[in-house]
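The values are calculated or read from the model by the stated rules, or taken from the named source; none is laboratory data. As the structure is a prediction and not an experimental result, all values here were calculated from the model. Counting neighbours? That spans all protein chains shown, and the Cβs are built from the backbone with ideal geometry, glycine included. Accessible surface is based on the protein model in full, side chains and every heavy atom, while ligands, DNA and RNA are left aside. Shrake-Rupley method; radii C 1.70, N 1.55, O 1.52, S 1.80 Å.
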Amino acid sequence: MAVTQRDQVGFVRVTVDGREVELPEGGSLLHALSGCGVDVPSLCDDPRLAPFGECRMCLVRVDGGPQPVAACMARVHQGMVVETAPADIEHARREILRMLAQRQPVGDDRDDRFHQLLRRYGVSPVGERDPALVDDSHPCIAIDMNHCIDCFRCVRICEEVQGQFAWQVVGRGADSRVSPSSAATLAQSACVSCGACVDTCPTGALTDRTSEVSTPIDRWTRTTCPYCGVGCELLVGTHDDDIVTVVPAHDAPVNRGHACVKGRYAHGFVHAPDRVTQPMVRERGHWRTVSWPEAIGAVARGFRDALERHGPGAVGVLASARATNEENYLLQKFARVVLRTNNVDCCARVCHAPSATALRSIFGTGAATNSFADIDEARTILVCGANATENHPVVGARIKQAALSGASLVVIDPRRIELAAYAEVHLRPRPGTNVLVLNAIAAAIVEEGLVDATFVAERVREYDDFVAHIERFRPEEVAAECGVDAADIRRAARIYATAKPAMAFHGLGVTEHTQGTDGVTCIANLALLTGNVGRPGSGVNPLRGQNNVQGSAHMGCEPDFLTGFAPMSEATRFEDVWGSAVPAHSGLNAMEMIDAATEGTLRALWVVGWDIALTQPDMNTTARALDTLDMLVVQDLFLNETARAHATVFLPACSAYEKDGTFMNGERRVQRVRRALPPVGGSKPDWEIVRLVAGAMGEGGAFAFASAEEIWDEIRKVWPAGAGLGYPRLEAPGGLQWPCPAGDHPGTRVLHAQAFGGSLGATTALARIAYVPTPETPTDAYPYTLVTGRALEQFNAGTMTGRSLTSRLRPTDELEMSPPDAERLQVRDGDGVRVTSRYGSAVLPVRVTDRVVPGECFATFSDPRRAVNRVTGPRRDTHTATPEYKVTAVRLDRTVDQ
Ligand SMILES: Nc1nc2c(c(=O)[nH]1)N[C@H]1C(S)=C(S)[C@@H](COP(=O)(O)OP(=O)(O)OC[C@H]3O[C@@H](n4cnc5c(=O)[nH]c(N)nc54)[C@H](O)[C@@H]3O)O[C@H]1N2
Ligand SMILES: Nc1nc2c(c(=O)[nH]1)N[C@H]1C(S)=C(S)[C@@H](COP(=O)(O)OP(=O)(O)OC[C@H]3O[C@@H](n4cnc5c(=O)[nH]c(N)nc54)[C@H](O)[C@@H]3O)O[C@H]1N2
Ligand SMILES: [Mo]
């Protein structure tokens with residue numbers, strides 16, 4: 001990645017075409033010139049890539065020297081005298097363009113960089129079109145290599161940024177051509193559809209299929225991606241309130257001009273034909289479209305009835321990790337102030353609640369300790385139970401790049417995920433045995449004398465007790481039970497403890513187990529033992545799930561925490577601002593709400609942007625629970641499964657592209673979400689809907705906000721660590737990372753440098769975690785272990801990706817199965833297999849792959865027609881109730897059903 005101007009320190013005086021300017025010293029001359037408004041022509045340069053110096057268009061004369069130099073390769077120095085357009089160089093540029101125009105099809109008057117230059121230099125394309133150079137195979141990327149000028153930017157960005165090597169150069173010299181690597185078409189290649197090649201292509205050889213080339217863009221809106229917790233900043237190009245294209249923001253600190261298939265291409269859902277944009281109520285089994293006042297009246301009446309008859313324990317709110325901070329804040333305030341209940345929760349429950357709980361108890365703050373930028377500084381990266389290249393692709397690509405440039409990578413995952421190919425050690429434990437593996441790494445670190453004694457002396461308590469506990473987890477003791485070779489565990493321990501700083505990332509392969517919280521705690525132990533806390537390039541970092549799952553929980557959508565993870569004991573602070581008492585009785589979490597519905601004690605539930613019927617485990621039980629409710633309000637963009645099968649009222653919300661607010665990403669960063677188009681049809685932003693319902697229930701006063709910013713300003717009053725995050729400051733690229741307690745505080749990239757969070761002070765204790773095997777073990781009747789999780793092209797409930805172009809890349813869920821198991825079942829790719837557990841069954845097409853070991857299989861859960869969660873079971877993490885999605889004992893049967 002090239003150095004950007006923001007990283008520069010000193011500025012020096014330079015004369016450009018007779019004019020004195022100040023340019024950042026040591027940076028690329030080409031970028032410095034463009035930064036001060038001098039447009040030197042270039043074709044092969046992209047600030048995201050290493051300078052290439054091949055196109056010869058950016059030649060300039062420096063200090064009157066006889067030989068012109070390529071401005072992209074030249075560095076800025078004090079007193080430099082630059083001529084950007086002397087006549088001889090301008091002539092040479094025109095000649096280069098003439099040569100390139102020989103191969104450009106005649107009559108194409110496009111508006112890309114190359115064609116702009118052709119016009120500027122008065123050169124016309126004269127080539128012929130060769131239909132064989134068109135590749136229509138890819139659903140998102142249109143390829144017409146007739147326009148290729150061999151700048152190789154596509155090849156280079158795929159290699160240098162994405163690390164995918166999907167493009168190659170074939171042939172030599174004038175006959176060289178860019179083509180997909182080891183495949184006839186791009187669709188068949190290793191392409192992951194991140195769109196980087198399209199984004200960098202200067203000629204129109206590669207374009208987005210989503211954008212009609214001829215559609216002019218009226219407006220660009222900078223916003224934050226609505227998919228995962230990485231929080232890429234995107235630019236949304238619109239025409240007449242339609243999205244024409246979405247591209248990454250080049251100056252975004254999070255994604256540095258990169259994006260993934262979802263952020264880039266999965267926006268078609270916004271105008272999907274079945275988007276619901278009018279409120280509806282269900283009467284005698286049939287939906288009826290109603291006015292907003294009628295729908296809001298029905299919700300208010302339903303809540304009032306339940307409260308009068310059964311009290312505040314009988315109502316609940318499930319908030320949305322897809323909606324903004326402001327909206328989530330209002331939803332929990334609504335539960336507490338209007339419904340007088342603490343029955344409020346969010347998707348963090350089924351996802352990273354174990355991370356928040358473990359990190360809060362061991363480090364005092366329940367969030368990632370470090371930042372994505374730290375990847376550049378880590379010498380070792382440990383990735384445990386996280387498939388980053390598919391689920392957090394921009395971070396995954398950066399981890400890959402770090403490994404390619406020499407960082408050591410340790411992967412712990414039962415499956416051979418893509419990152420395993422770059423790992424020095426890949427440990428493949430039996431699903432559910434993280435505590436054994438991680439404790440064994442700790443035991444090896446202690447036994448082999450690799451502990452950071454200084455750090456432990458200064459910052460760590462209960463070391464001797466820990467040593468006494470951990471001895472029984474020696475790698476040789478646990479190897480058989482966790483299925484990992486003891487020597488490999490020792491290798492992993494040595495790398496993590498010695499090639500420092502070492503940065504740990506983890507995902508749901510750690511949290512979604514009966515010992516989910518314990519697993520995260522074991523990772524924190526490793527960081528403490530080796531001094532990998534409180535410094536750049538280190539720490540314990542959950543790769544958070546949805547765009548705003550960190551924020552949703554943080555805003556107080558948890559039964560036992562208020563905004564800013566404030567404990568209930570701090571309720572007075574909130575009561576002062578809200579002018580209302582915070583209910584004293586404890587609330588139910590999402591899992592308990594479903595249990596309470598089954599038992600008949602929960603009567604009315606408002607579910608905002610969370611498809612619980614499809615994505616909660618043990619779907620058959622969830623379905624029965626939801627059908628007992630007197631009122632189920634679903635607020636979403638679509639009739640998702642929860643709405644379709646169970647809701648009584650539907651409130652049409654609008655998507656993140658249609659509203660203002662903020663999201664909080666997985667590294668504690670608050671970034672602006674900006675409205676790129678007005679709400680589609682009659683849909684409304686979630687916060688406006690909450691305001692309407694509160695008003696109908698006679699509590700409008702506490703919800704009388706006129707904008708997202710007004711809500712945010714109230715949030716800053718009750719959340720001291722966010723007090724410095726006013727909207728004007730969040731306008732800067734990347735927003736700010738909390739803690740940020742004051743308007744002049746720069747935000748915090750690395751936590752715990754001097755002291756741990758909360759009331760811990762300088763030191764914390766190592767935790768002694770015992771191993772408790774899951775009862776969900778394979779038997780003769782259920783001999784296989786099913787792991788469920790994700791794949792690159794679809795997102796969770798699939799409501800958005802399933803309605804976008806990208807769904808053609810993965811039209812349905814699949815079951816990964818090892819070749820020996822496929823042989824035993826006599827199935828091949830695409831054949832149907834019925835997966836049956838003690839709880840239910842689902843039919844999936846098979847994908848035979850050695851990514852999984854015999855005896856284990858893996859399924860995604862995004863397709864409502866497959867309903868994979870019929871198979872998953874009712875067990876939960878013992879600390880947070882997070883479901884054990886990652887281990888289910890199953891039987892597999894070949895079937896002709898599809
Ligand atoms: N493309 C895409 N991206 C997404 C999502 C999506 O649906 N699609 N969803 C978003 C959400 S909500 C979340 S929470 C994140 C989740 O992102 P990840 O945490 O990466 O999610 P998963 O794919 O569910 O599981 C990760 C890995 O855990 C491994 N695993 C299973 N059991 C064990 C075990 O016992 N030990 C270890 N060490 N590993 C195990 C699995 O093999 C899998 O590779 O992704 C977010 N990003
Ligand atoms: N088997 C299995 N099941 C799992 C998991 C697993 O690994 N295995 N992972 C679990 C995890 S980690 C998670 S996070 C859950 C995710 O499960 P869900 O939260 O149900 O899935 P999402 O697709 O993220 O989106 C939820 C809903 O939000 C809607 N939506 C999007 N934007 C907005 C908005 O701005 N406002 C409103 N009102 N609605 C909006 C979408 O249309 C969708 O219906 O699934 C869980 N389920
Ligand atoms: Mo998640």
Confirm whether A584 is within 16 Å of ligand 3 (Cβ to nearest atom) and closer than 21 Å to G313 by Cα. no
Report, ordered by the first and then the second residue, all pairs with beta carbons closer than 8 Å, sequence separation of six or more or different chains, a first member in segment 426-449 that is under 27 Å from E856 (Cα atoms) and in the same structural domain as N525 (by TED's automatic domain parsing), and a second member that is of a type in the set (K, R) and near ligand 1 (Cβ under 10 Å from one of its atoms). H426/R416; R428/R415; R428/R416; P431/K886; G432/K886
Of the numbered conditions (1) within 16 Å of ligand 3 (Cβ to nearest atom); (2) β-branched (V, I, T); (3) open to solvent by 30 Å² or more (accessible area, probe 1.4 Å), V350 fails exactly one; give the number of that condition. (3)
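Rundown of residues vs (1) in the same structural domain as V40 (by TED's automatic domain parsing); (2) touching a Cys at 6+ places or on another chain (Cβ under 6 Å); (3) hydrophobic (A, V, I, L, M, F, W, C), yes/no style:
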position: R56; (1), (2), (3): yes, no, no
position: V62; (1), (2), (3): yes, no, yes
position: H77; (1), (2), (3): yes, no, no
position: S124; (1), (2), (3): no, no, no
position: P131; (1), (2), (3): no, no, no
position: M145; (1), (2), (3): no, no, yes
position: G163; (1), (2), (3): no, no, no
Hey, any hits in segment 673-694 for a residue that's open to solvent by 10 Å² or more (accessible area, probe 1.4 Å) and under 30 Å from L751 (Cα atoms)? yes
Selection from segment 782-806 of residues that are more than 13 Å from ligand 2 (Cβ to nearest atom) and of a type outside the set (A, V, I, L, M, F, W, C): Y782, P783, Y784, T785, E793, T806
Looking at G35, G27, G122, G127, can you tell me which residue is surrounded by 13 or more Cβ atoms within 10 Å (Cβ to Cβ) and either modelled with pLDDT of 95 or more or in contact with a strand residue (DSSP E or B) (Cβ under 6 Å, 6 or more places away or on another chain) (or both)? G127
Looking only at segment 334-371, how many residues end up being away from ligand 1 (no atom under 16 Å from the Cβ), in contact with a helix residue (DSSP H, G or I) (Cβ under 6 Å, 6 or more places away or on another chain) and over 26 Å from L692 (Cα atoms)? 1
Just for segment 807-834: of the residues that are open to solvent by 10 Å² or more (accessible area, probe 1.4 Å) and within 14 Å of ligand 2 (Cβ to nearest atom), which one is farthest from I243 (Cα to Cα)? E816
Given the condition of a type in the set (D, E, K, R), away from ligand 3 (no atom under 16 Å from the Cβ) and open to solvent by 50 Å² or more (accessible area, probe 1.4 Å), answer yes or no: does some residue in segment 263-273 qualify? no
Can A420 be described as within 33 Å of the chain's Cα centre (by Cα), under 30 Å from A348 (Cα atoms) and not charged (D, E, K, R)? yes
Determine whether segment 135-145 contains at least one residue that is assigned to a loop (DSSP other than H, G, I, E, B), among the charged types (D, E, K, R) and modelled with pLDDT under 95. yes
Which of the residues spanning segment 208-235 are in contact with a helix residue (DSSP H, G or I) (Cβ under 8 Å, 6 or more places away or on another chain) and at pLDDT below 95? D208, R209, T210
Give segment 100-132 a look and list any residue that's in a helix (DSSP H, G or I) and touching a residue at least 40 places away in the same chain (Cβ under 8 Å), or say none. L100, R113, F114, H115, L117, R120
Number of positions in segment 412-429 that are open to solvent by less than 30 Å² (accessible area, probe 1.4 Å) and of a type in the set (D, E): 1
Give the residue, chosen from A566, A571, A597, that is away from ligand 1 (no atom under 16 Å from the Cβ), among the small types (G, A, S) and open to solvent by 10 Å² or more (accessible area, probe 1.4 Å). A571
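Matching residues to (1) under 26 Å from the mean Cα position of the chain (by Cα); (2) touching a residue at least 40 places away in the same chain (Cβ under 8 Å):
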{"site": "P819", "(1), (2)": "no, no"}
{"site": "T849", "(1), (2)": "yes, no"}
{"site": "T882", "(1), (2)": "yes, yes"}
{"site": "Q898", "(1), (2)": "no, yes"}
Please specify each residue of segment 526-556 satisfying the condition of being more than 15 Å from ligand 1 (Cβ to nearest atom), over 16 Å from V383 (Cβ atoms) and buried (at least 24 other Cβ atoms within 10 Å of the Cβ). L528, L529, T530, V533, H554, M555, G556
From the set of residues in segment 739-763 that are at positive phi and out of contact with any strand residue (DSSP E or B) (no Cβ under 7 Å at 6 or more places or on another chain), which is surrounded by the fewest Cβ atoms within 10 Å (Cβ to Cβ)? G761
